[in-house]
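Take a look at the structure below.
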């Protein structure tokens, strides 16, 4: 697989609503690793027909972590350690006719149906009033 030697770009969280969890017979969200080349700055073109089988499009908020996070971080500390950007996720599977027929185990094995994430201008997250 051509992507196996690529660096980690981040993580994708999938099945975040009860509706999508029900479709895939899950009772919790799933996540998968995404390679760096699949995070694309807005303005660049995706090669949809060449690189994707059956893509979807979902509007997202994209968070980038600037430094290590800790479970003991306050909300203010988490906000200081991240940026946020508007984004469009383009989920896609390596399995044909995947939506919505895959089991949760195949969703997990396919990096949570990770395709591409196209993101816009990153902004520092807002300041918390403590």
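Condition check: surrounded by fewer than 16 Cβ atoms within 10 Å (Cβ to Cβ), under 21 Å from residue 119 (Cα atoms) and at pLDDT below 95. Does residue 75 satisfy that? Judged against the criteria, residue 75 is not a match. Taken over segment 9-19, the criterion of being closer than 18 Å to residue 87 by Cβ and either out of contact with any helix residue (DSSP H, G or I) (no Cβ under 7 Å at 6 or more places or on another chain) or at pLDDT 95 or above (or both) is satisfied by 10, 11, 12, 13, 16, 17. Of the residues contained in segment 121-129, one or more are found to be modelled with pLDDT under 90 and part of a strand (DSSP E or B).
Is it the case that segment 105-115 has a residue that's over 17 Å from the mean Cα position of the chain (by Cα), surrounded by fewer than 19 Cβ atoms within 10 Å (Cβ to Cβ) and at pLDDT 90 or above? Checking segment 105-115: at least one residue is over 17 Å from the mean Cα position of the chain (by Cα), surrounded by fewer than 19 Cβ atoms within 10 Å (Cβ to Cβ) and at pLDDT 90 or above.
Keeping to segment 17-54, report how many residues are within 23 Å of residue 7 (Cβ to Cβ) and in a loop (DSSP other than H, G, I, E, B). Even if it seems obvious, please write down each step before you answer.
Start the filter on segment 17-54 by keeping residues that are within 23 Å of residue 7 (Cβ to Cβ), which leaves 30-47, 50-52.
Filter again for in a loop (DSSP other than H, G, I, E, B), leaving 42-47, 52.
Number of matching residues: 7.
Residues are listed down the side, and each one gets a yes or a no for (1) over 14 Å from residue 111 (Cα atoms); (2) in contact (Cβ under 8 Å) with a residue 12 or more places away in the chain:
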site: 12; (1), (2): no, yes
site: 30; (1), (2): no, yes
site: 42; (1), (2): yes, yes
site: 47; (1), (2): yes, no
site: 56; (1), (2): yes, yes
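With the structure loaded, tell me whether residue 120 is touching a helix residue (DSSP H, G or I) at 6+ places or on another chain (Cβ under 8 Å) and either buried (at least 16 other Cβ atoms within 10 Å of the Cβ) or under 21 Å from residue 33 (Cα atoms) (or both) or whether it fails that test. Outline the logic, then answer.
Numbers: touching a helix residue (DSSP H, G or I) at 6+ places or on another chain (Cβ under 8 Å): no; either buried (at least 16 other Cβ atoms within 10 Å of the Cβ) or under 21 Å from residue 33 (Cα atoms) (or both): yes.
The answer is no for residue 120.
In segment 54-68, is there at least one residue being surrounded by 14 or more Cβ atoms within 10 Å (Cβ to Cβ) and in contact with a helix residue (DSSP H, G or I) (Cβ under 7 Å, 6 or more places away or on another chain)? Checking segment 54-68: at least one residue is surrounded by 14 or more Cβ atoms within 10 Å (Cβ to Cβ) and in contact with a helix residue (DSSP H, G or I) (Cβ under 7 Å, 6 or more places away or on another chain). Taken together, 88, 118, 59 contain a single residue that is under 26 Å from residue 25 (Cβ atoms), within 18 Å of the chain's Cα centre (by Cα), part of a strand (DSSP E or B) and at pLDDT 95 or above, which is 59.
The values are calculated or read from the model by the stated rules, or taken from the named source; none is laboratory data. Keep in mind the model is a prediction, meaning the values are calculated, not measured. All Cβ positions, even for glycine, are placed from backbone atoms using ideal geometry, and neighbour counts span all protein chains on display.
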